[in-house]
Amino acid sequence: MRNFEYHNPTRLVFGKGEIARLTQLAPRDKKIMITFGGGSVRRNGVYEQVKQALAGFDTVEFWGIEPNPSVETVRKAVAMGREHGVGFLLAVGGGSVLDGTKLIASALATPEVDPWQIVLKGKADAALPYASVMTLPATGSEMNNGAVISRHETQEKYPFYTSYPQFSILDPQVTFTLPPEQIANGLTDVYAHILEQYMTTPGQSRLMDRWAEGMLMELIELAPKIRVNPHDYDLMADFMLVAAMALNDMIRMGVTEDWATHMIGHELTALHGIAHGASLAIVFPATLRVLREQKRGKLLQYAERVWKITQGSEEDRVEEAIVRTEEFFRSLGQKTRLSEVGIGDETIERIATRFNEAHVAYGEAHNVTGDVARKILLAAR
Ligand code: NZQ
Ligand code: ZN
């Protein structure tokens, strides 16, 4: 196990009716900017609950943080935040609203820097305090310090890191209005987050392995049940909790991580607007195929422990584990091939060239260059 430091300061407030806790948790001595997406919160009662809990607080609202939040939108919010002397931010919505808010909070604390420069640097030097009411189980953004921001002008999309949310309120009831494709994207994203931290090399930490495998098995068990009954409180509560736990530093203590699939997926989103979860369903099986030798030990462990594949040669078991992973994404309703979403070879070449020009080397072995990304995308055709 490698050395590590674990410090997740986000207060997680979970359960029915807990949005009302905003009254105690939000600061009374600061101007609060409440940020929203396109309006889903008006249709599911979340907006009303937030307004009621914050009655009497000094607030200003910013609407319109879009899915795959853009720096262009963030700049508008930053201008508004400056104008109003905002001192605290509350994101109300999905991962995109929260990620956008993370950049707004960071940019407001460093007025001399354009928000895109923060993204390019990969790290914010400071941030105003912020919190969230999370409405979509997927990204884990509610309990981590990462955010992913797009720039429409140049069709780019990159992650950056900042402070953690001060608190996040998760009421599983608010997920009842999620359309099926958002549930599918969320389940895919959470599964992919666990794989990115697990599917590297075996023997680094038994505890991390068992936690990750437990969460993967939980998702495999939950998915078909949620499909039949997306309004079951306990099912959605488990889904919401596993989403938060999958990317809150808990399952990556002392182990190497991959993240190449995410970086390639971000390119598909940046160039074609394809939803984040949908991009991962296409790229992950191909990453496993191309890197099967490097990941062989972990693929075999995953095959046995998660999918209960114990028969056949090593080669057969590795292959079956990859097939089962792709089938799992398909069972959620995802497409798993580039050809199914109309993405052709020009895009593959464009991504390979971008990666090669930027000299990237992703993955636990730092070997996913543009050339390897090309192989992965070709395997996803
Ligand atoms: O904009 P509104 O009207 O609110 O509607 C949203 C949006 O259209 C809707 N929605 C959210 N909650 C709802 C709901 N509709 C009905 N009922 C609800 N309860 O869902 C749509 C998608 O929302 P979005 O926030 O874009 O989805 P998600 O949470 O999957 O976030 C995706 C973004 O997060 C990034 C992705 O790259 C992408 O940009 N990620 C962030 C991470 C992080 N911060 O740690 C890690 C992830 O790997 C991911 O990269
Ligand atoms: Zn993700």
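Read the figures in this text as sums done on the coordinates, not as results from a lab. Not measured: the values here are computed from a predicted model. Neighbour counts run over all protein chains shown; Cβ positions are idealised from the backbone, glycine included.
To the nearest 0.05, how large is the calculated FRET efficiency for residue 365 and residue 79 if R₀ is 30 Å and r is the Cβ-Cβ distance? Intermediate results must be reported in sequence, preceding the final value.
Working: r = 43 Å, r/R0 = 1.44.
That gives a FRET efficiency of 0.10.
Once you list every other residue whose beta carbon is under 12 Å from the beta carbon of residue 42, what net charge do they have if Lys and Arg are +1 and Asp and Glu are -1? Intermediate results must be reported in sequence, preceding the final value.
Values: positive: 43, 51; negative: 48, 61.
Once all neighbours under 12 Å are counted, the net charge is 0.
How high is the relative contact order of the chain, given as a whole-number percent (alpha carbon pairs under 8 Å, six or more residues apart)?
Contact order relative to length: 15 percent.
For the chain, take the longest principal axis of its alpha carbons; what is the angle in degrees between that and the long axis of helix 296-305, to the nearest 10 within 0 to 90?
Result, in degrees: 80.
If packing is taken as the mean number of other Cβ atoms within 10 Å per residue, what is the order of 166-175, 328-337, 312-321, highest first? Before the final figure, lay out each step's value.
Working: 166-175: 23.1, 328-337: 18.9, 312-321: 15.6.
Ranking, from highest mean packing down: 166-175, 328-337, 312-321.
Hey, what angle do you get for helix 370-379 against the long axis of the chain, alpha-carbon based, 0 to 90 degrees rounded to 10?
70
Shape call for the range 32-77 from the C-alpha gyration tensor, a ≥ b ≥ c root eigenvalues: rounded (a/c under 1.5), prolate (a/b greater than b/c) or oblate?
oblate
Going by average Cβ density within 10 Å per residue, which order do the peptides 11-23, 136-148 take, highest to lowest?
Listed from highest to lowest mean packing, they are 136-148, 11-23.
Specify the inter-centroid distance of the range 281-312 and the range 165-192, based on alpha-carbon positions, in whole Å.
26
Which of 262, 359, 276 moves the most in a Gaussian network model of the chain with Cα springs under 10 Å?
It is 359.
Just how far, in whole angstrom, is the range 14-55 from the range 341-370 if you go by their alpha carbon centroids?
Cα centres, the range 341-370 to the range 14-55: 40 Å.
Quick check on the range 198-341: take the gyration tensor over C-alpha atoms, sort the square-rooted eigenvalues as a ≥ b ≥ c, and tell me if it's rounded (a/c under 1.5), prolate or oblate.
Rounded.
At R0 = 35 Å, how high is the FRET efficiency between residue 123 and residue 296 if r is their beta carbon distance? Nearest 0.05 is fine.
Given R0 = 35 Å and the Cβ-Cβ separation, E is 0.55.
Contact order normalised by length for the range 283-381, with contacts defined as Cα pairs under 8 Å and 6 or more residues apart; what percent is it?
This gives 31 percent for the range 283-381.
Restricting to bridges with both residues inside the chain, how much of the DSSP beta-bridge set is antiparallel, in percent to the nearest 5?
So the antiparallel bridges in the chain amount to around 25 percent.
Taking the chain as the reference, fit the longest principal axis to its C-alpha atoms, fit the long axis of helix 71-84 to the helix C-alpha atoms, and give the angle between the two in degrees, 0 to 90, nearest 10.
20
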